[in-house]
Amino acid sequence: MKTIGLIGGMSWESSLEYYRIINEEVKTKLGGLHSAKCILYSVDFEEIERYQAEGEWESAGKLLGNAAQSLEKAGAEMIIICTNTMHKVINHIEEKVSLPVVHIADSTANQILKSKISTVGLLGTKYTMEQDFYKKRIEFNGIKVLVPNEEDRTGINKVIYEELCLGKIQQESRDYYKEVIKRLVDHGAEGIILGCTEIGLLVKPEDSEVPLFDTTRIHAIESVNLALAK
């Protein structure tokens, strides 16, 4: 079993899910008392969020690159970034380590292709929904990506930062997300990417008439598959 290096804390609410899913998947695959060999470097999200808001992506990238470097020195054999948005700076991380960095959008695109779906809706932070670093990675696989309208993008982003990242799960917000999903489906979405690692805490498969692609779960399970590959 290879040792998985996790760059977490963005937010720690979803990093907790990564740790749980990774260990459950190892137990499922290997049985007995097996658990995952992993190392977590958890950053201070307040600092990262400030860099995001100020457009200081290079500073954020350097911070996460240093985190990856620490994981490699500690014995990690692969890196996963426990967030969708910060894959915007994956190049800074890859430059700092000699380890493979498992891209969350690639793992998600593979699952979408397996489902024979060609058009998906994307929910996430405003950075993930509005910028190209994530959408283009999905679209490279021949998948069409739809995003909510501007008003809904603002609303989705607000719930992420003001509720989900703080551990607040509210039925009113779940109902709102369901409405946004319905609008995306009405515009042709055959599936929905939960493109922020906290959204899966709020929205569940029963909340959507089309398949949901929970990036946290997909990414975590892919890391286990790679860790156990011979």
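Here the relative contact order of the chain, from alpha carbon pairs under 8 Å that lie six or more residues apart, stands at 24 percent. What separates the Cα centres of region 92-155 and region 14-42 is a distance of 24 Å. Comparing Gly200, Gly32, Gly75 in a Gaussian network model of the chain where C-alpha atoms under 10 Å apart are linked, the largest mean-square fluctuation is found at Gly32.
Of all stretches in the chain that contain no GluC sites (Glu not before Pro) in a DSSP loop with at most 15 other Cβ atoms within 10 Å, the longest one is 57-208. The amide H of Lys168, built 1.01 Å from its N in the peptide plane, has no neighbour under 5 Å, considering only residues 5 or more places off or on other chains. Accessible area per residue for the chain is 46 Å², calculated with a 1.4 Å probe on protein heavy atoms, without ligands, DNA or RNA.
Residues whose amide H lies under 5 Å from that of Glu190, counting only those 5 or more places away or on a different chain, are Thr119, Val120, Gly121; hydrogens are built 1.01 Å from N in the peptide plane. With a threshold of 21 Å on the Cα-Cα distance, the over-threshold entries among Lys88/Lys126; Lys136/Lys182; Lys62/Lys158; Lys29/Lys230 are Lys136/Lys182; Lys62/Lys158. Nonpolar atom fraction for the chain, defined as the carbon and sulfur part of the 1.4 Å probe accessible area, stands at 47 percent. Proximity of backbone amide H atoms, modeled 1.01 Å from N, is registered between Asp214 and Leu194 at under 5 Å, excluding neighbours fewer than 5 places apart on the same chain. Sorting Tyr134, Tyr176, Tyr19, Tyr127 by accessible area puts them as Tyr19, Tyr176, Tyr127, Tyr134; the probe is 1.4 Å, largest comes first, and only protein heavy atoms count.
The values are calculated or read from the model by the stated rules, or taken from the named source; none is laboratory data. Keep in mind the model is a prediction, meaning the values are calculated, not measured. Please note: Cβ atoms are built from the backbone with ideal geometry, for glycine as well, and neighbour counts cover all protein chains shown. Note: accessible area is taken over every heavy atom of the protein model, side chains too, but ligands, DNA and RNA are not part of it. Shrake-Rupley method; radii C 1.70, N 1.55, O 1.52, S 1.80 Å.
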